[in-house]
There are 2 protein chains.
Amino acid sequence: LKVTILGAGSATPSLLRNPSAQLLTDDHESYLIDCGEGTQFQLLKLKAKTSRIKNIFITHLHGDHFFGLIGLISSFNLAHRTEPLTIFGPKGLDEIITLQLKYASTFLHFKLTFVEVNVKNNYNLIDNERITVSTIPLDHRIPCCGFLFSEKPKLRNLIKEKLPTSISINEMRLLKEGKNVFDIDNSIKYNFKTLTIEPSPAKKYAYCSDTAFLPKIVEIIDGSDALYHEATFTNELLDRANFTHHSTAAQAGEIAKLANVKKLLIGHFSSRYLDLDVNLKEAKSVFNNTEIAIEGGTYLI
Amino acid sequence: LKVTILGAGSATPSLLRNPSAQLLTDDHESYLIDCGEGTQFQLLKLKAKTSRIKNIFITHLHGDHFFGLIGLISSFNLAHRTEPLTIFGPKGLDEIITLQLKYASTFLHFKLTFVEVNVKNNYNLIDNERITVSTIPLDHRIPCCGFLFSEKPKLRNLIKEKLPTSISINEMRLLKEGKNVFDIDNSIKYNFKTLTIEPSPAKKYAYCSDTAFLPKIVEIIDGSDALYHEATFTNELLDRANFTHHSTAAQAGEIAKLANVKKLLIGHFSSRYLDLDVNLKEAKSVFNNTEIAIEGGTYLI
């Protein structure tokens, strides 16, 4: 699991940073989280395989988190996309996108499904054999939630060169599940310990933006391998953070510490910060394993 | 009068070109024509004075011509704009923008007025002492019109160092209008020829995008000092141009020739054209005084 930062700026436009968007990628697909204006150009620049994006998650309807969505959908269509696309977002998103497609007389060549997210509850949006994606209710000026991506425990990996050619698919499945395969006489035919290796551990990634300092999310994101938490301001502007329902770098660090996560990525920086040293220093003073979300950067989780 | 190109690409996104937008500037204000995704970042990059933008003109509701508008309006608001803003565009634009402002709970600090344009008729949208802005009905897949900016004849310029200190405002006004000021005895008190110089000539700028080849616009744009005409394709793709209701470079040249304009700017290039030499050559073969609309470039009209 890895995450690529497409934008880590906040609402006021800046030439230094793009508005919020990131691409979370596993072996099977890519999840787009938020989609500020210009996201499609960031994806193009980074040569991202957009056909791998099957699910898009929008936290809330402030423009710096979704104004790029209609352009991305339109461009998918121009590029003759046929893969279905599902968009998870708060009430209103469906209406906004559908209205614009209507006036452009755009007939989509792919199936577009909207799932209206109840941002007030913590529940699963996706739950399949590989991953669950659940909501993280946040505290912002308008309805808003973050998203938690939790990989399911993975199957063991077969050591291909050690496998007999006579092995069946069912037998391989048992080995991958960590079970031995027995002969009719109950002796061990294939030992999973010798024919497979440990899978990579299941990872957990939490995305929390935009939000005021909200300690109650800790129980949801507890033990995450990586947490992206907004840090729009530094503590000098704590009043402004409180007033606008945003967080400071120190508060992001505090959440990371309380939730006992392994790594903290901070982003959603106000355009007033040209250099981010102070922001990083402030978060690190509370939670040492913090990194700045740098646009174009990819972070292993 | 001068025009700065903010975007000269067409719908399919490209890293070479931004979608349609340009800024027409006179001594008093700037007119934004079309507003594709990312226009606000282009304005920022070019350090444009956005408070000078009082009127925005949207040709049609294909996304590459207006997806940047909601972001620009939101950013104007974040920057505490107070100047009123008027947006001229086809039916639907008001609804699309208003819906998004509603879901973002955005309360604008400035007066935003939408004027629904009847794209089928040629008529004046603005007619004041300095300029008229009128519609140019075009032929595209959805309702679409271009815009013609015609400066009014200007007043003569006073030669300040030659003016007597006793001259009144009314007397100066007469001189600027090219009239002499007479004494009580009917002798010439102030001669406009010696106290003023010729004003710069009134200019005419036509913006035609997107459209199929449409010779009937010639009577509207006749004699323009500069014509921006879309040239999405080259003649090799004439069938595609016809099918999609776009023009080729040669067709843009043909319109310029028929309308007897002084200069042609071509733009709205398909992303398939990396190098634009062929496009320029093709237009020039029909109308020699053609230039490529280069992003970031400013063209005197």
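The values are calculated or read from the model by the stated rules, or taken from the named source; none is laboratory data. Predicted model only: the values in this text are computed from it and were never measured. Because the Cβ atoms are built from the backbone with ideal geometry, glycine has one as well, and the counts that use them run over all protein chains shown. What goes into the accessible areas is simple: the full protein's heavy atoms, side chains included, and nothing from ligands, DNA or RNA. Shrake-Rupley method; radii C 1.70, N 1.55, O 1.52, S 1.80 Å.
Considering A:151, A:161, A:95, the condition of being of a type in the set (Asp, Glu) and under 30 Å from residue A:248 (Cα atoms) is satisfied by A:151 alone. In the stretch B:122-133, the count of residues that are more than 15 Å from the chain's Cα centre (by Cα) and within 21 Å of residue A:12 (Cα to Cα) is zero. The set of residues in the stretch A:74-90 being open to solvent by 30 Å² or more (accessible area, probe 1.4 Å) and assigned to a helix (DSSP H, G or I) consists of A:78 alone. Assess whether residue B:119 counts as being in contact with a Phe, Trp or Tyr (Cβ under 7 Å, 6 or more places away or on another chain) and either of a type in the set (Val, Ile, Thr) or under 30 Å from residue B:171 (Cβ atoms) (or both). Here the answer is no, as residue B:119 does not meet what is asked. State yes or no: is residue B:146 small (Gly, Ala, Ser), open to solvent by less than 40 Å² (accessible area, probe 1.4 Å) and touching a helix residue (DSSP H, G or I) at 6+ places or on another chain (Cβ under 6 Å)? So residue B:146 does not fit the description; no. Among the residues of the stretch A:1-10, those identified as more than 11 Å from chain B (Cβ to nearest Cβ) and either open to solvent by less than 30 Å² (accessible area, probe 1.4 Å) or farther than 28 Å from residue A:153 by Cβ (or both) are A:3, A:4, A:5, A:6, A:7, A:8. If only residues of the stretch A:123-139 that are touching a residue at least 24 places away in the same chain (Cβ under 8 Å) and crowded, with 17+ Cβ neighbours inside 10 Å are counted, the one that is farthest from the other protein chains (Cβ to nearest Cβ) is A:131. Applying the criterion of being without any contact (Cβ under 8 Å) to a residue 60 or more places away in the chain and in contact with a helix residue (DSSP H, G or I) (Cβ under 6 Å, 6 or more places away or on another chain) to the residues of the stretch A:23-38, the residue that is farthest from the other protein chains (Cβ to nearest Cβ) is A:29. Close contacts from the stretch A:11-22, counting a first residue that is at the interface with chain B (Cβ under 8 Å from one of its Cβ atoms) and a second that is part of a loop (DSSP other than H, G, I, E, B) and surrounded by fewer than 18 Cβ atoms within 10 Å (Cβ to Cβ), with Cβ to Cβ under 6 Å and a gap of 6+ residues or different chains, come to A:12/A:271; A:14/A:271. Of the residues making up the stretch A:57-68, not a single one is in a loop (DSSP other than H, G, I, E, B), at the interface with chain B (Cβ under 9 Å from one of its Cβ atoms) and farther than 28 Å from residue A:10 by Cβ. Of the residues in the stretch B:38-45, at least one is of a type in the set (Ser, Thr, Tyr) and out of contact with any His (no Cβ under 7 Å at 6 or more places or on another chain). Being at the interface with another protein chain (Cβ under 10 Å from one of its Cβ atoms), open to solvent by 10 Å² or more (accessible area, probe 1.4 Å) and either closer than 22 Å to residue A:111 by Cα or at pLDDT 95 or above (or both) holds for only one residue in A:45, A:49, and it is A:45.
Check whether at least one residue in the stretch B:158-167 is under 25 Å from residue B:300 (Cα atoms), open to solvent by 80 Å² or more (accessible area, probe 1.4 Å), modelled with pLDDT under 95 and not charged (D, E, K, R), and report yes or no. No, because not a single residue in the stretch B:158-167 is under 25 Å from residue B:300 (Cα atoms), open to solvent by 80 Å² or more (accessible area, probe 1.4 Å), modelled with pLDDT under 95 and not charged (D, E, K, R). Taking the stretch B:189-201 as the range and being surrounded by 13 or more Cβ atoms within 10 Å (Cβ to Cβ) and touching an Asp or Glu at 6+ places or on another chain (Cβ under 9 Å) as the test, the residues that pass are B:189, B:190, B:192. State all residues of the stretch B:202-246 that are within 24 Å of residue B:26 (Cα to Cα), free of Cβ contacts under 8 Å to residues at least 40 places away in the same chain and open to solvent by 20 Å² or more (accessible area, probe 1.4 Å); if no residue qualifies, say none. If the condition is that a residue be within 24 Å of residue B:26 (Cα to Cα), free of Cβ contacts under 8 Å to residues at least 40 places away in the same chain and open to solvent by 20 Å² or more (accessible area, probe 1.4 Å), then B:222, B:223 are the ones that fit. When residues in the stretch B:32-56 are screened for being closer than 20 Å to residue B:77 by Cβ and not in a loop (DSSP other than H, G, I, E, B), 15 of them pass. When we screen A:186, A:191 for residues that are under 16 Å from residue A:157 (Cα atoms), over 16 Å from the mean Cα position of the chain (by Cα) and not acidic (Asp, Glu), the only hit is A:191. Checking each residue in the stretch A:18-27 for being open to solvent by 20 Å² or more (accessible area, probe 1.4 Å) and farther than 17 Å from residue B:68 by Cα picks out A:25, A:27. On the stretch given as the stretch B:134-159, residues that are under 20 Å from residue B:214 (Cβ atoms) and more than 14 Å from the chain's Cα centre (by Cα) total 8. Residues that are within 10 Å of chain A (Cβ to nearest Cβ), farther than 20 Å from residue B:59 by Cβ, in a loop (DSSP other than H, G, I, E, B) and open to solvent by 20 Å² or more (accessible area, probe 1.4 Å) within the stretch B:91-109 comprise B:105, B:106, listed in sequence order. Residue count for the stretch A:101-151, restricted to those that are of a type in the set (Lys, Arg) and within 28 Å of residue A:203 (Cβ to Cβ): 2.
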